[in-house]
Amino acid sequence: MEERLNIQQKVLSENDRLAAEVRSRLHELRVLTLNLVSSPGSGKTSLLERTMRDIGNTVRIAVVAGDVQTENDARRITRAGGTVVRPIITNGKCHLDARMVLDVVANIDLHEADLLFIENVGNLVCPSSYDLGEDMKVVLISTTEGDDKPLKYPGMFRRSSAMVINKTDLLGLSDFDLQAVTRNALSINGRLHIMSLSCRTGDGLDNWYAWLRDRVDAKKRGEPVIDEHAG
Amino acid sequence: MHELSIAKSIVDSVLASVAERPSAAIASVHLRIGELTDIAADALEFGFSVLSRGTRLEHTTLRIESVPIVTRCNACRQTFTVEDYLFVCPACNSGDLHMLHGDELEIDHVILNEPDHPDTNHPRK
Ligand SMILES: [Zn+2]
């Protein structure tokens, strides 16, 4: 006899449960947590290196770095002076999940940190389904990529709260159009906060640092760090 | 290929859900997947077929219902379906939209085949 058995369960409910655990732990500590996502080569590690060098003496920054095979990225960031830097070796997995982050967060002392970056695996598809317990996702793209990237990866741009456009020093050397990428990104997500900068020349970094500091301060005061209507 | 991880979660969840029905055959698993989830159906089906081998789901069909993106405009409260990922309110042009549907990644139900009598499994004339 044929019979229907209702399940009505989220496929990633276990991940979501662990992410909630990460979130409440970090909320107690009042550590602003940003899940940094991008394609390979957009410059996530360079942005983190530069950020720590420039504001690491006033904002205490911790980094959890997910890299597909090596600890290279984590080493680069450690050299730049991160407060606590922990690599997650994903053994070829295309994304971080909440269990990996919880394992790390449970085992490091974040009392001395104001800001935690989770450097996700370089990929704009797979990480978008996995909540890691972050306050928000920040998507990074560079001017060496296509300005239609938001249209190709709508899920990630929709789920992100901020977009950083890196490598503005290379503008004009390709077809990348700053206005087009902004228009495309906003058509996917009208609440996206957009910043452009160059880690090489330092152009636009002050703006990025001011934005980070505002969010760190809001988190410390227990205020929302993104608009309530976002998402 | 995060579809492999997703498929693993599906296989584990369904097996746990049907554990109380050891005599039932599982004919099909029905998923609801939102258009914004970046899940490739063929990759998910492939992952499911590989990971279900040697389990009670080995001969189970995966059925995927695609859920369109539906949002409500926070400015004018209109509810509408988003086409071509254009997240702009057709009534007032606002981009301040609240997602109602399109993010789903759910196991909705399974169809079981319970033998009427244990004897019916025996070959009959
Ligand atoms: Zn409207």
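All conditions but one from (1) in contact with a strand residue (DSSP E or B) (Cβ under 9 Å, 6 or more places away or on another chain); (2) facing chain A (nearest Cβ under 9 Å); (3) closer than 25 Å to A:Asp148 by Cβ apply to B:Pro90; the one that does not is (2). In this entry, A:Gln69 is excluded by the filter for residues that are at pLDDT 95 or above and either open to solvent by 50 Å² or more (accessible area, probe 1.4 Å) or over 27 Å from A:Ile55 (Cα atoms) (or both). If you go through region A:1-22 and pick out every residue that is part of a helix (DSSP H, G or I) and either within 17 Å of A:Pro127 (Cα to Cα) or open to solvent by 90 Å² or more (accessible area, probe 1.4 Å) (or both), you end up with 9.
Going by what's in this entry, would B:Glu83 be described as within 14 Å of chain A (Cβ to nearest Cβ) and within 16 Å of the ligand (Cβ to nearest atom)? Yes, satisfied.
Just to verify a result, which residue in region B:90-102, among those that are part of a strand (DSSP E or B) and open to solvent by less than 60 Å² (accessible area, probe 1.4 Å), is nearest to the ligand (Cβ to nearest atom)?
Of the residues in region B:90-102, the ones part of a strand (DSSP E or B) are B:97-101.
Right, trim to open to solvent by less than 60 Å² (accessible area, probe 1.4 Å) and you get B:97, B:99.
Working: B:Leu97: 8, B:Met99: 14 Å.
Out of the qualifying residues, it is B:Leu97.
Okay, residues lined up against (1) farther than 30 Å from B:Asn113 by Cβ; (2) touching a Gly at 6+ places or on another chain (Cβ under 7 Å); (3) open to solvent by 60 Å² or more (accessible area, probe 1.4 Å):
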{"site": "B:Glu45", "(1), (2), (3)": "no, no, yes"}
{"site": "B:Gly54", "(1), (2), (3)": "no, no, yes"}
{"site": "B:Glu58", "(1), (2), (3)": "no, no, yes"}
{"site": "B:Leu62", "(1), (2), (3)": "no, no, no"}
{"site": "B:Thr71", "(1), (2), (3)": "yes, no, no"}
{"site": "B:Arg77", "(1), (2), (3)": "yes, no, yes"}
{"site": "B:Thr81", "(1), (2), (3)": "yes, no, yes"}
{"site": "B:Tyr85", "(1), (2), (3)": "yes, no, yes"}
{"site": "B:Val88", "(1), (2), (3)": "yes, yes, no"}
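Scanning region A:106-139 for residues that are crowded, with 22+ Cβ neighbours inside 10 Å and assigned to a strand (DSSP E or B) yields A:Leu115, A:Leu116, A:Phe117, A:Ile118, A:Glu119, A:Lys137, A:Val138, A:Val139.
Filtering region A:23-33 to residues that are surrounded by fewer than 21 Cβ atoms within 10 Å (Cβ to Cβ) and touching a Lys or Arg at 6+ places or on another chain (Cβ under 9 Å) leaves A:His27, A:Arg30. Are any of the residues in region B:13-21 away from the ligand (no atom under 16 Å from the Cβ), surrounded by fewer than 20 Cβ atoms within 10 Å (Cβ to Cβ), part of a helix (DSSP H, G or I) and without any contact (Cβ under 8 Å) to a residue 24 or more places away in the chain? Yes, because at least one residue in region B:13-21 is away from the ligand (no atom under 16 Å from the Cβ), surrounded by fewer than 20 Cβ atoms within 10 Å (Cβ to Cβ), part of a helix (DSSP H, G or I) and without any contact (Cβ under 8 Å) to a residue 24 or more places away in the chain.
The values are calculated or read from the model by the stated rules, or taken from the named source; none is laboratory data. Values in this document were obtained by computation on a predicted structure and should not be read as measured data. A quick note on method: Cβ atoms are made from the backbone with ideal geometry, for glycine too, and the neighbour counts reach across all protein chains shown. Keep in mind that these areas ignore ligands, DNA and RNA; they rest on the heavy atoms of the full protein, side chains included. Shrake-Rupley method; radii C 1.70, N 1.55, O 1.52, S 1.80 Å.
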